[in-house]
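I have placed the structure first, in the form of structure tokens, so that the comments after it can refer back to it.
The values are calculated or read from the model by the stated rules, or taken from the named source; none is laboratory data. Just so it is clear, the structure is predicted and the values come from calculations on it, not from any experiment. In this analysis, Cβ positions are derived from the backbone assuming ideal geometry, glycine residues included, and neighbour counts consider all displayed protein chains. Each accessible area value is taken on the protein alone, full model and side chains, heavy atoms only, with ligands, DNA and RNA left out. Shrake-Rupley method; radii C 1.70, N 1.55, O 1.52, S 1.80 Å.
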Amino acid sequence: SVIDPPTIIATHLTEIIRRNAADILDRQAVSDIIEKVKEKNSIVVEEVLNGNNKFTYGEIERVLKNLLEEQVSIRNMPEILATLADYAPISKNPYLLTEKVRQRLGSQICLQYADQNKVLHVLNLSQDLAEKIYEHKIEQPGQRPQVAFDPVDMRAYINAMSSSIAAIRERFFLPIVLCPDEVRHLVYASTKEMPGIVILSVTEVQNATASGVKLEILGEINVQ
């Protein structure tokens, strides 16, 4: 097909903005977005900004940046804010809140990666590997949780991930890894340098089944 130059340039710029949306978003933009939401959803905005466990714009910004970093659309702001309000009495940890928002947006996220028949083709993270990752979790205040394997185990883990992903790409599938909820963010943090990989949680996929999404397991990732 023949595409005119302005369309090519516009598409390219749009892709650049999408990939860098997390860096572009600032607190003024968050304030503007929330003011727009307030026009039709004033109650949820009031609950988030002025409730017993109210959020600052900076705390909301951190969660939105986490979502955008993984290419999750933040257009459904009423649902995002409602989730923050629901979990505010439990935690203000931005990474935990991000996971809870992702779970609430499970259908939206999974449909983004499902094929035309609403089938989601995934690699399953083995239970043994998931448990090992969770056992080696380290958390520091204000920082993203990380996996602290020793060099040998980390090399084995990355090799297992890389080889499994390469095999999936050879079959022309998008590399999507399905993980237990408690390690999804850890797997993402440890594979950020692998381009194009998508990390989903079990609850996200379960919540997407209401939208007709079906699951196909293509293989399992294990260090054994």
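Measuring nothing but protein heavy atoms, the accessible surface of region 35-145 at 1.4 Å probe radius is 45 percent carbon and sulfur.
Counting only alpha carbon atoms, the long axis of helix 77-87 and the longest principal axis of the chain meet at about 80°. The angle between the Cα long axis of helix 151-170 and the longest principal axis of the Cα atoms of the chain comes to about 90 degrees, rounded to the nearest 10.
For the chain, what's the relative contact order in percent, using C-alpha pairs closer than 8 Å and at least 6 residues apart?
Working: 268 pairs, mean separation 49.1, N = 224.
Once normalised by length, the contact order is 22 percent.
Helix 57-69 and the longest principal axis of the Cα set of the chain meet at an angle near 30°. Other residues with beta-carbon under 11 Å from the beta-carbon of residue 54 carry, at +1 per Lys or Arg and -1 per Asp or Glu, a net charge of -2. Taking the chain as a Gaussian network of alpha-carbon nodes connected by springs under 10 Å, the highest mean-square fluctuation of the residues 141, 180, 89 belongs to 141. Restricting attention to the chain, close to 15% of DSSP beta bridges with both partner residues there are antiparallel. Which residue, 55, 149, 172, tops the fluctuation ranking in a GNM of the chain built on C-alpha contacts under 10 Å? Comparing 55, 149, 172 in the GNM, the peak value goes to 172. With contacts taken as Cα pairs under 8 Å at a separation of at least 6 residues, region 117-224 carries a relative contact order of 46 percent.
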